[in-house]
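Asker: What follows is a structure written as structure tokens; I'll ask about it next.
What follows is calculated from the coordinates using simple rules that are stated; it is not laboratory data. If you're wondering where the values come from, they're calculated on a predicted model, not measured in any experiment. Using ideal geometry, Cβ is built from the backbone for each residue, glycine included, and neighbour counts are taken over all protein chains shown.
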Amino acid sequence: MTFLRRLQGYWLMIHPFPVMMVVTLATILAVATARESTDLSRLIRAMATLFCSQVVVGISNDLHDRVLDAHGQPWKPLARGIVTPNDARALIALAFALMLVLAISLGPIIVLLALLGTFAGILYNFWLRGTPFSWFPYVLGFVTLPIFVWVSMARFDARQLVLAPIGLPLLIGVHLAQTLPDTETDLALGVRGFAVTLGRARGVLVVWSTLIGAQMLALVSALGLNSNLEIMLLAVSASFALIAASIALYHQRPTSTTLRALFRLVAPSAVILVAGWLAALRA
């Protein structure tokens, strides 16, 4: 096995797309919070801490599910044997150690928040993924993330609390979009997570309903906060265009492969909506 192939396996094992979505969202929130007084050093260390936390969660997910993945997702690095379980454990230990070092440099509260966010992911991977409560770790992570950002940047904008009612439906929609492709395999193996409980037909409807509902909430709240409506309308339009594309794509070909593509439209749609909402806030 070549070094490049193994390196590619390591990269895929961290779940790069969702990890990049989370780090991008956190970076946007941090910059929007600090605005012109952004401390670049703290920003880089905070986002590196978050990245390492997400790496721990992503690799531990594949490590825990490697037997299931051999049946349902045999292309994954651990299932294919490109990466060994011992390699995965070593990477988890390295990422966790780096996370702690970076978090310590930002203060004890950041250490606790980083551990809490990581615990939310571990809770999903090892205990709640196969239950109807698989959404709960996502909510815990969502609540932890903005607090992590605010403490990291030593700044707080009370208006950003309005993101809570916007973010929760977004979170449910993104969670379902990520887990719906595996419903058939999960059902066959007796894993009954939230997506399996809803079923594919109802699940996709919930995904689209929550995303569109969040877009409407974002627009209404922007009006109430006297935000820049041109920016907000642009963000809502771009976010809705991605959802509309996912609806058209799924109706054309309602398969598991299409559902995986659907997630890659839904997640950026959520990030664009939140980014636009934050950018529209007047200083």
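Asker: At 7 Å along the Cα-to-beta-carbon direction for both Gln252 and Arg6, put a label point, then send me their distance in nm to one decimal.
Answerer: 4.1 nm
Asker: Okay, moving on. Taking θ as phi - 60°, what are the ³J(HN,Hα) couplings along the stretch 245-260 by the Karplus curve (6.51, -1.76, 1.60), each to the nearest whole Hz, with x for Gly and Pro?
Answerer: 5, 5, 5, 4, 5, 6, 5, 6, 8, x, 10, 5, 4, 5, 5, 5
Asker: Once the dipole of the chain is set up with Lys and Arg at +1 and Asp and Glu at -1 on Cβ about the Cα centre, which of Leu233, Phe126, Tyr138 lies farthest towards its positive end?
Answerer: Going by the Cα projections, it comes out as Phe126.
Asker: Oh, and also: As a check on your grasp of the helix formula, calculate [θ] at 222 nm for the chain: sum -39500 (n - 2.57) over DSSP H runs of n ≥ 4, divide by the residue count, round to the nearest 500. Display every interim value, and only then the final one.
Answerer: On the way: 14 runs with 222 residues, N = 283.
Helices in the chain give a 222 nm mean residue ellipticity of -26000 deg cm²/dmol.
Asker: Relative to the Cα centre, what is the charge dipole magnitude of the stretch 1-156, using +1 at the beta carbon of each Lys and Arg, -1 at the beta carbon of each Asp and Glu, and rounding to the nearest 20 debye? Before the final figure, lay out the partial values.
Answerer: Numbers: 11 positive and 6 negative charges, 34 e Å.
Computed charge dipole of the stretch 1-156: roughly 160 debye.
Asker: In square nanometres, what is the average projected area of the Cα convex hull of the chain?
Answerer: Projected over every direction and averaged, the Cα hull of the chain covers 14.7 nm².
Asker: Now, a different point. Remind me, what semi-axes does the stretch 42-185 give for its equivalent ellipsoid, largest first in whole Å, using sqrt of 5 times each Cα gyration tensor eigenvalue?
Answerer: Value: 28, 21, 10 Å, ordered largest first.
Asker: OK, next. Where is the GNM fluctuation largest for the chain (alpha-carbon springs, 10 angstrom cutoff): Arg129, Arg155, Arg253?
Answerer: Of Arg129, Arg155, Arg253, the most mobile in the Gaussian network model is Arg253.
Asker: Now for a different question. For a footprinting-style exposure proxy, rank Phe3, Phe51 by other Cβ within 10 Å, fewest first.
Answerer: Numbers: Phe3 7, Phe51 19.
In increasing order of surrounding Cβ atoms, one gets Phe3, Phe51.
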